[in-house]
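Comments concern the structure below.
The values are calculated or read from the model by the stated rules, or taken from the named source; none is laboratory data. All figures in this text were calculated on a predicted structure; none of them were measured in a lab. In this analysis, Cβ positions are derived from the backbone assuming ideal geometry, glycine residues included, and neighbour counts consider all displayed protein chains. Accessible surface is based on the protein model in full, side chains and every heavy atom, while ligands, DNA and RNA are left aside. Shrake-Rupley method; radii C 1.70, N 1.55, O 1.52, S 1.80 Å.
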Amino acid sequence: MKPFIVICDGMDKAAFAHLCSLDQFEVAQKAKHTAEEIEALLPRANALVIRSATKVTADTLEKAPHLKYVIRAGEGTDNIDKVACEQKGVKVSNTPGANNNSAAEHAIALMMTVLRKTAWAHQSMAEGRWDKSLYTGNELLGKEVGIVGFGRIGQILAKRISGFEPKVHFYDPFVAQETFPDYCKCETLEEIFSTSDILTVHTPLNDHTKGLINSELLSKMKPGAVLINAARGKIVDEDALLKVLSEGKIRGAGFDVFANEPLDENSPLRKCENLVLTPHLGASTEEAQVRVAEMAINQLNEFFHNNNLLNEVKA
Ligand code: 3PG
């Protein structure tokens, strides 16, 4: 029997057509399914390909007795209960690196949006106004940019913004200063929070980073500072963020990720005047989605037909 593959949260159109054309797989009809549709497909599924929307829990695994493989078509695997997968013998992979450039570029887009106030200026233009004097912004040139988490995405971001000539600092206990002589390593979170004009978060979500950016750290930020989060919502305490923003303790923030996604339509974050929001768009470029999908297809092939597990993510 051919492995039955379910693509849960959407896939690049051409890549999906490529997957469907491969004779060695049976692919569930659609490239994107609702939670109810996925639940109905679970009893037959041998592999799930997911983005961040679908959660793979112990309950999912109970409903999927033939499941062998979960591919996270992207980077973060915090939406997968990897311990439960390990217990059931279900293998987990992601597609490391495939969407990282897009994530880094999106964080830079948020930085520039907050610094140059383009989102607010656009809103006022759409409402028929010409509020030139309200939207004087700031340059990135010469500013201290602090990168919290200096893995692949943080490193790409540092490279890409270098053209703006900021001073780049990073905080990452696993990365040595000698590896990156052009950037300055901060030894503590307190140091990077108190010295940066723009802080951008690029750590994965895990037990160590959940709630990492709390009111104490936020209170150390410079009054004119900007906070960018295109990593994971739960890394930042959202109540504490709202407080520093509404009290004007920092200049502004740009957030692409939230503790609960989709963000509740009544969330106070939506009403916060100095906060720019995007709906988890970091990896949502055509280029990233082609790379992610082709990598996932290759991994399906290798796993089911060459007994080769690529890019395994362990519990
Ligand atoms: C990731 O972890 O790969 C990014 O956050 C992108 O998530 P997405 O694939 O759900 O857009």
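Are any residues in the stretch 39-55 of a type in the set (Lys, Arg) and surrounded by fewer than 19 Cβ atoms within 10 Å (Cβ to Cβ), and if so, which ones? 44, 55 - these are the residues of the stretch 39-55 that are of a type in the set (Lys, Arg) and surrounded by fewer than 19 Cβ atoms within 10 Å (Cβ to Cβ). The combined condition, being at pLDDT 95 or above, of a type in the set (S, T, N, Q) and open to solvent by less than 50 Å² (accessible area, probe 1.4 Å), is not fulfilled by residue 284. Restricting 264, 237, 207 to those that are open to solvent by 30 Å² or more (accessible area, probe 1.4 Å), more than 16 Å from the ligand (Cβ to nearest atom) and in contact with a strand residue (DSSP E or B) (Cβ under 9 Å, 6 or more places away or on another chain) reduces the list to 237. Screening residue 128 on (1) out of contact with any Leu (no Cβ under 8 Å at 6 or more places or on another chain); (2) of a type outside the set (A, V, I, L, M); (3) within 24 Å of residue 278 (Cβ to Cβ) shows it passes everything except condition (3).
Pairs meeting the criteria (first residue in the stretch 155-168 and charged (D, E, K, R), second residue open to solvent by less than 100 Å² (accessible area, probe 1.4 Å) and assigned to a helix (DSSP H, G or I), beta carbons under 9 Å, at least 6 apart or on different chains) are 159/104; 160/101; 160/104; 160/105; 160/108.
Only a single item in (1) touching an Asp or Glu at 6+ places or on another chain (Cβ under 9 Å); (2) touching a residue at least 60 places away in the same chain (Cβ under 8 Å) is not met by residue 55, and it is number (2). Looking only at the stretch 287-306, residues that are open to solvent by 70 Å² or more (accessible area, probe 1.4 Å) and either closer than 15 Å to residue 92 by Cα or in contact with a strand residue (DSSP E or B) (Cβ under 8 Å, 6 or more places away or on another chain) (or both) come to 1 in all.
Listed here are the residues, each with its yes/no results for (1) within 16 Å of the ligand (Cβ to nearest atom); (2) aliphatic (A, V, I, L, M); (3) surrounded by 19 or more Cβ atoms within 10 Å (Cβ to Cβ).
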| residue | (1), (2), (3) |
| --- | --- |
| 27 | no, yes, yes |
| 31 | yes, yes, yes |
| 37 | no, no, no |
| 57 | no, no, no |
| 74 | yes, no, yes |
| 86 | no, no, no |
| 93 | yes, no, yes |
| 100 | yes, no, yes |
| 114 | no, yes, yes |
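Only residues that are outside any strand (DSSP E or B), open to solvent by 90 Å² or more (accessible area, probe 1.4 Å) and farther than 30 Å from residue 82 by Cα were counted across the stretch 159-184, and they come to 6. Checking the stretch 128-149 against the condition returns a match, with at least one residue being within 16 Å of the ligand (Cβ to nearest atom) and either free of Cβ contacts under 8 Å to residues at least 40 places away in the same chain or in a loop (DSSP other than H, G, I, E, B) (or both).
The conditions are (1) among the acidic types (Asp, Glu); (2) away from the ligand (no atom under 16 Å from the Cβ); (3) crowded, with 18+ Cβ neighbours inside 10 Å, and residue 273 fails exactly one of them. Which is it? Evaluating residue 273 over (1) among the acidic types (Asp, Glu); (2) away from the ligand (no atom under 16 Å from the Cβ); (3) crowded, with 18+ Cβ neighbours inside 10 Å leaves (3) as the failure. Taking residues in the stretch 182-195 that are over 15 Å from residue 220 (Cα atoms), and partners anywhere that are surrounded by 16 or more Cβ atoms within 10 Å (Cβ to Cβ) and of a type outside the set (A, V, I, L, M, F, W, C), the pairs with Cβ atoms closer than 7 Å and at least 6 places apart or on different chains are 183/169; 184/169.
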